Every structure is written in C-alpha cells, then in structure tokens.
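The values are calculated or read from the model by the stated rules, or taken from the named source; none is laboratory data. Model, not experiment: these values are computed from the prediction. Using ideal geometry, Cβ is built from the backbone for each residue, glycine included, and neighbour counts are taken over all protein chains shown.
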Amino acid sequence: MMNLQIAKWGNSLAVRIPADYVRQIGVKEGDRLVAHLGADGALNLSPPAQWSRKAFAQELARDAEALPMGTSVIEQMRQEARY
C-alpha cells in the first residue's frame, strides 16, 4: 500500500503511478487504463481487457463441466413449498 499525492495537470488532476507499479502491470507512457469506481468509493485502474472469443468459449466450457446439473431451482422450490 502506498499513499499517492494528487497534483494539478492543466485543468485536470493527476496521480503519478510509482515505477514499481508500472512495471508490475506492464504499462508504458501513452497506454490507456480503465477506471472503475467501486461502491466503497475506491478508484481502481487496470489495463483494458484483451477480450478473446476463443478464450471466452473455453472458459465457459470449463465452467459448464465444473457445475453439476441438478434439479431445477424452481422445481425444487415447488416441491419444498408449504401451503
């Protein structure tokens, strides 16, 4: 964890990213980052995801194999319903 200082840059505000962090995330000058504002007020910066249709399909197939198919949740609720 590191405390960073906000500085004025033209009409905007800027935060300098320490060199160690820059090396760890693999960005360089001119690269873009995606900013997400969390529900707790946290600001998260990350490189844009490199989306791949093939990788996504493989991930879905792997997840589908890991999830056992059981009874329908709706059917289970009907069976357990108390009237």
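Here are the numbers for this structure:
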| item | result |
| --- | --- |
| Residues of the range 43-78 classified as assigned to a helix (DSSP H, G or I), among the aliphatic types (A, V, I, L, M) and more than 19 Å from the chain's Cα centre (by Cα), total | 6 |
| Leading residue by the ranking (modelled with the highest pLDDT) among those in the range 34-48 that are closer than 19 Å to residue 2 by Cα and surrounded by 11 or more Cβ atoms within 10 Å (Cβ to Cβ) | 45 |
